[in-house]
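Engineer: I'd like to ask some things about the structure below.
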């Protein structure tokens, strides 16, 4: 009788072979885990093994000596090394250790999670290598952005062919986080800042450079919001216009994305943001995407609210921030509703529409944005 595994192989056919980077990264991580920090060379001798990012002090076998590793492992590198081992290990299925030999058997193709972790690791390395100049507290961070959105009303249906409205914005935000200025039809308007993420450069620069610590900090600061969201869901469960706000890992993805889109982020923190995104379950990467401006881009995405795909666009070569997009992956009806603040808590008041709300069909773009410029200037109204 035919083996069940053979039946599965015939039913699914042969998948594409894994990309070289996934195979190499997984092999390096698992060899080190399996051998307790040492790997066996082709000649049978053991040498210390370290990630390629530690440097180029290598012997004939392409392996670093233990002394070279110890000299180059700063505390920050140790943290990144531990993260890389945890993240890349998911790309392999088995490690078999025998006398004098370590063998690694990989799947025939990388999983989406493994692929995302490898690409985001490259993005983190690129971010750390960027040249950067810190702004003074009295300087202003200049940005140019464009946002696309739809203006559908109740009873209307939004499809992939529905045209989007667009709006360009030029803004200046003071580096101390106190003020923001906008160009409104040639008139400069200055007002105070607000929002869920830090806005002053000093706070952003002081964020943790360990990805797990960064996620823990954001979760701690948004714990009260998460509790309110859960109570709102319980209260309106089964309601025709029950709210479905983003929460949990989906909200973390949004905060990390906003941190990149709305701020001038120093290289070490930007690298940490990419590593933190890689730790969120469900994150995928499309290296053949197109951004809202029609340019080739790398898209990092996560499904949100059960019907939206939330995307972060990066430059495919430099990994610099490009923009965002929300696209419906399932048909969804949006109803009117509003949040009010009473007694220190947010409450939702649903308002089902007699016309059935707005239907957002799968494939329709809900909203999207790009940032076309960012620079440091000395005063609001000044352009680089």
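Engineer: Mind checking which residues of segment 300-325 are part of a loop (DSSP other than H, G, I, E, B) and modelled with pLDDT of 95 or more?
Structural biologist: Result: 315, 316, 317, 318, 319, 320.
Engineer: Could you identify the single residue in 273, 265 that is in contact with a helix residue (DSSP H, G or I) (Cβ under 9 Å, 6 or more places away or on another chain), outside any helix (DSSP H, G or I), under 28 Å from residue 169 (Cα atoms) and modelled with pLDDT of 95 or more?
Structural biologist: The unique qualifying residue is 265.
Engineer: Would you be able to tell me the number of residues in segment 290-315 that are farther than 17 Å from residue 277 by Cα and within 15 Å of the chain's Cα centre (by Cα)?
Structural biologist: 1
Engineer: Output the number of residues of segment 347-382 satisfying the condition of being farther than 22 Å from residue 293 by Cα and either under 27 Å from the mean Cα position of the chain (by Cα) or modelled with pLDDT of 85 or more (or both).
Structural biologist: Residues in segment 347-382 being farther than 22 Å from residue 293 by Cα and either under 27 Å from the mean Cα position of the chain (by Cα) or modelled with pLDDT of 85 or more (or both): 10 in total.
Engineer: Residue 179 - would you say it is surrounded by 14 or more Cβ atoms within 10 Å (Cβ to Cβ), farther than 24 Å from residue 324 by Cβ and more than 24 Å from the chain's Cα centre (by Cα)?
Structural biologist: Spelling it out, residue 179 is indeed surrounded by 14 or more Cβ atoms within 10 Å (Cβ to Cβ), farther than 24 Å from residue 324 by Cβ and more than 24 Å from the chain's Cα centre (by Cα).
Engineer: Pick from 260, 279: which is touching a strand residue (DSSP E or B) at 6+ places or on another chain (Cβ under 8 Å) and modelled with pLDDT of 95 or more?
Structural biologist: 260
Engineer: Let me confirm something: among 297, 237, 216, which residue is surrounded by fewer than 16 Cβ atoms within 10 Å (Cβ to Cβ) and either outside any loop (DSSP other than H, G, I, E, B) or at pLDDT 95 or above (or both)?
Structural biologist: Selected residue: 216, the only one of 297, 237, 216 that is surrounded by fewer than 16 Cβ atoms within 10 Å (Cβ to Cβ) and either outside any loop (DSSP other than H, G, I, E, B) or at pLDDT 95 or above (or both).
Engineer: Another one. Return the residues of segment 285-294 that are assigned to a strand (DSSP E or B) and surrounded by fewer than 17 Cβ atoms within 10 Å (Cβ to Cβ); say none if nothing qualifies.
Structural biologist: Matches in segment 285-294: 287, 288, 290.
The values are calculated or read from the model by the stated rules, or taken from the named source; none is laboratory data. Keep in mind that what you see is a predicted model, and the values were worked out from it rather than measured. With ideal geometry, Cβ positions are generated from the backbone for all residues, glycine too; neighbour counts draw on all protein chains shown.
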